[in-house]
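What follows is a single structure, written as structure tokens, with notes after it.
Derivation of every value follows stated rules applied to the coordinates shown; laboratory data play no part. What you see is a predicted model, and the numbers here were worked out from it, not measured in a lab. Neighbour counts are summed over all protein chains in view; Cβ atoms, including those assigned to glycine, are modelled from backbone coordinates with ideal geometry.
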Amino acid sequence: MTILTQRLPDFHEKHFGESLPQKDKFQQLEDNIENIPHVVASRATSGAMIRFTSQGFDVSVTSDEEDVIVDIVEGRLEKLVKRGEYGKRMDIISEQQYEREESLDVFDESLSTTDAIDIWNDALWNQIQDLYETPSLSEMLKLVGQRFEDTRPVVVFEDFGIASVEAKKLRNYIERDIDEDNWDFIIAGTRDITEVLHTQTAEDRFEFYQTNRPDSNSVLFLDKDSAVDFIRPYLGYFKHYDDSVNYERDEVGNPVQLLDPAPNSECSSCNLCSDEYRDLFPFNETFLRRIYEGLEESQQSPREYVSKVFDILYEYYVGGTAVPSSSNQLGSDVTNSETPADKVYEHKEEFADFAKWYGEKQNGYYQIDSALAFAFGLIPEKKMEAEYDAGIQVTPEIIKIPSGDGNGGTTPPNPPEIKTRVEQIFDECRGDVDDWIDDPKNSRFTKTNNYIQTAVEDLISHITDDYTIWNDSDLRYNLSSQKPPFVWENSVDDPQPDQIVINPREFRRSEIRDLLRHGIEAEEKADTFDREKQLENHGSQFTDYGQLWRKNIRWNFIEDDPLLYRQSHQGRYDFDDFVIASYAWLVLLDNPWKPLTPDRINERYTDEEELSIDNHLDSQLEYFLNRDTYVEVTEVFDHVDELEDLVEARFGVTTSALDVRSIRERFNRATPYEILDALAKTYIDKVNGRVRFAPKNTLPDIANAVYSCFNSVDDLEEEDTAPNVSRHALLRLRETDMDRINEIARDLKTYNTVESSFNTALQHFSDHDQSDILEVRNAAKFMRNELEDEFGSPTDQNRVHAELANLKLFGHPVFRDLDALEEEWATPGENGAGTRFTEVAEHYVQ
């Protein structure tokens, strides 16, 4: 954009005294990108989509996907009009973006990644050029070049960085052999960026030069020994305008010695720096050397080195940092293994950066000219003497900052001690920490990252009690052993649903060193491993991480709408509804002769006796149901402990009481029947099996057991398994006096002429006492008064409750024995037991 809006127009106007055609259109494009980038990006994206369809591609994107694409295009277009992207291929869609953003993958699988990226960029560039009627760079060069008749203008690309679409057009223009094409070209850049220019035609016709040694990334005139002298003219240039910096030079112009600053110049009045670094300020030689050596070998080029120095200098100039050594530009792409003492990081962290970049190590200290510390505001006076926290010593000449592997220089060093394996590994890795913060997944820090990750994982696991989902609950998420519960915010990893995002910058660097040591000790199973000490230092922070992780797991794997319930009920009922309704179902099966109220649930929860299916009810279910259905009803009691655990976790006020009010509010909104009736096996199966109590007790297993039990019980009426016997029981037992029954039974037992089957039935019935009769009679009253609806059909909850209560009544010994007695009593015919009993009673019983 700079070439088209500034360089070419200025060049054309200078030589021909008139404005370059199309300049206004290019300027309009640049202004729109600066002022309304989203509009430009949106129009370019929609236009590109239309081009795809006209080219025969069957593409389809949602509005959300289109928004993502527009944001990507907008961000890249904004960079087109900003400086600082030198030496980079400015494609709108890069390979990294295409592979990272699924929304960009709009083509079928037969298209390769390379082809897809080319098609995207061609469409976007062409659409932009059509919208603003702006010709390509090669067309503009042709237009200007044809104006020259007796000379050849030259285009010099100082550091080639151009969109691949434009680069291909430019290459074709350079290669073609036409007399009126007057331009000559000098293009400098790295091989990967200028690769598009290296065709067979170009290499036959033009000269190519390589500035690095064969089979090496090292540039001939730049290495670690020459790095300072290489950058010296660049930094000195800024101070040359008032002759603050001048050099004595040899016969060929090379600087030999730094001269004194000219009178009245900035440096003459400042008088801060020594000649050792006056032309390098705000750096010194140590700092610059460490910048170069900290770059990856493949990045130790003039461009990368100068760009990095410029970035740091610019941040300092605009006030982004008060001390260049604390610049954000000194990230993971510039490593520095120097390690000030941990106490410096803990108490005077700004001095740690200062030592790492400016200091030379001597006798257990990093030593730096104190004038630099004064210049950056680290000490209040230029010439002072003081001792700061963390053992930092200030003298009028130098400032001394303890190093991590020294003894502070106060006494002669002791004979070297034999270090433990933990100490050896810690010494090896701790120098990475400052750079690791900016790029944890950088391959250079793999070992360090693994140890820090181990520490964080260990502490989160401990805080969450081995990844349990609630405090004091055994329900846990069985995290994969290959995956930690978190990802670093500034890493390339996208968080999975069972991971949270942690920003390394939330820790002080001294804390990260603590974590590094903790991770080493954990992996090495060292005797020094002390988790409690770490929790004393970082407990609050890791408690937050634990809570965040638990909340994330609950939301994604338990409380998310498309889980447990039928689609029509999703959002109406939540997991806590499932928990209390499931437990209520167990309480109902435990004793259906009691009302299913919040108070009853609390009463049963506080009972020391374990929940189990009622014996009388169980016998009837086993008799009436087929084996598979019976198992479905009773198998849910295999999960009593787990459901009680969930009830305590979600509704427990104390270990012996539930939140009755909360349960009542839920039951007022929906009965247990309504909640369990909304369960759907399809959506239960969507619950991740990693949510579990034990290896064989997953949450889906428990939910499926509840689902099967509920549906089998709900079908009992359809199976016609339980007669409605409550009224019959009340009628027969209303006036029953067991003392009188026992008396009659004793009298009849003495007569041999009484039918034996009748006598046996009577004797069995007489074995019951009055309390048994009262229990059955009260149950029958409860069913009639509470579970039947005299004005219509009972609710589904009461219908099922009554069916279970009737089944228990039908299976109760009192009712069975009464039924057997009445069956003998009611035998028809003159020989029936009832007839004979009447005859006998007339003669023998008063």
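Overall, the range 645-696 carries a charge dipole of about 200 debye about its Cα centre when +1 sits on the Cβ of Lys and Arg and -1 on the Cβ of Asp and Glu, all other atoms neutral. Taking the Cα centre of the range 2-205 as reference, the dipole from Cβ charges on Lys and Arg (+1) and Asp and Glu (-1) amounts to some 720 debye.
Straight Cα distances below 24 angstrom link Lys224 to the lysines Lys308, Lys356, Lys361, with same-chain residues fewer than 8 positions distant left out.
Per-residue extension of 0.36 nm, minus the Cα-Cα distance of Ser337 and Asp715, leaves a gain of 128.8 nm for this segment. Between 0 and 90 degrees, the angle of helix 770-782 with respect to the longest Cα principal axis of the chain falls at about 60 degrees. The Cα-based radius of gyration of the range 449-553, divided by its Kirkwood radius, gives an Rg/Rh of 0.94. Please state the shape class of the range 567-719: rounded when a/c is under 1.5, otherwise prolate if a/b exceeds b/c and oblate if not, all from the C-alpha gyration tensor. The shape class here is rounded. If R0 is 25 Å, the Cβ-Cβ spacing of Tyr132 and Arg205 corresponds to a FRET efficiency of close to 0.15. Qualifying chymotrypsin sites (Phe, Trp or Tyr not before Pro) in the range 221-270, where qualification requires a DSSP coil assignment and no more than 16 other C-beta atoms within 10 Å, comprise Phe221, Phe238, Tyr241. For the peptides 498-508, 528-538, the ranking by mean Cβ contacts within 10 Å, running from highest to lowest, is 498-508, 528-538. Spin-label model, Glu149 to Ile178: label points 7 Å out along the Cα-to-beta-carbon direction sit 2.0 nm apart. Within straight-line reach of Lys239, meaning a Cα separation under 14 Å, sit the following aspartates and glutamates at least 8 residues removed in sequence or on another chain: Asp260, Glu266, Asp275, Asp279. When only the Cβ of Lys, Arg, Asp and Glu is charged (+1, +1, -1, -1), the dipole of the chain relative to its Cα centre reaches about 1520 debye. Sequentially through the range 800-807, phi angles give Karplus couplings (6.51, -1.76, 1.60; θ = phi - 60°) of 5, 4, 5, 5, 5, 5, 5, 4 Hz, Gly and Pro residues having no value and appearing as x. For the range 150-231, applying the loop criterion from DSSP together with a ceiling of 13 other beta carbons within 10 Å to the trypsin sites (Lys or Arg not before Pro) yields Arg176, Lys224. Taking 7 Å steps out from each Cα toward its Cβ at Ser103 and Asp405 produces label points 4.9 nm apart. Axis angle, to the nearest 10 degrees, between helix 37-54 and the longest C-alpha principal axis of the chain: 80 degrees. Rank Thr211, Phe16, Val433 by how far each Cα sits towards the positive end of the charge dipole of the chain (+1 on Lys, Arg Cβ; -1 on Asp, Glu Cβ) and give me just the farthest. Towards the positive end, the residue furthest out is Phe16.
Computed from Cα atoms, the angle from the helix 302-317 axis to the main principal axis of the chain rounds to 80 degrees.
What separates the Cα centres of the range 263-342 and the range 579-598 is a distance of 73 Å. Given their separation in residues at 0.36 nm each and the Cα-Cα distance between them, Glu385 and Gln770 gain 128.5 nm when the chain is fully extended. Straight-distance candidates among the lysines for linking to Lys525, with alpha-carbon spacing under 29 Å and chain neighbours fewer than 8 residues away dropped: Lys343, Lys419, Lys441, Lys447, Lys483, Lys533. Using the Cβ-Cβ distance between Val653 and Gln541 with R0 = 35 Å, the FRET efficiency computed as 1/(1 + (r/R0)^6) comes to roughly 0.75. For the chain, the spherically averaged projection of the C-alpha convex hull amounts to 59.3 nm². Using the Cβ-Cβ distance between Leu220 and Phe185 with R0 set to 22 Å, the FRET efficiency works out to roughly 0.40. Ordering Asp122, Asp177 by the number of other Cβ atoms within 10 Å of each residue's own Cβ, fewest first, gives Asp177, Asp122.
Each residue in Trp555, Trp125, Trp183, Trp357 was given a count of other beta-carbon atoms within 10 angstrom of its own, and listing them fewest first yields Trp555, Trp183, Trp125, Trp357. Working from label points 7 Å from Cα in the Cα-to-Cβ sense, the Asn503 to Arg554 distance is 2.5 nm. Using 0.36 nm per residue and subtracting the Cα-Cα separation, the extra length available between Gln299 and Val156 on full extension is 49.2 nm. Scaling against 2.2 N^0.38 Å puts the C-alpha radius of gyration of the range 411-508 at 1.36.
Counting other Cβ atoms within 10 Å, which trypsin sites (Lys or Arg not before Pro) in the range 642-717 have at most 10 and lie in a DSSP loop? Qualifying residues, ordered by number: Lys696.
Look at the dipole of the range 300-387 built from charges on Cβ: of Tyr305, Trp357, Ala341, the Cα furthest out on the positive end belongs to Tyr305.
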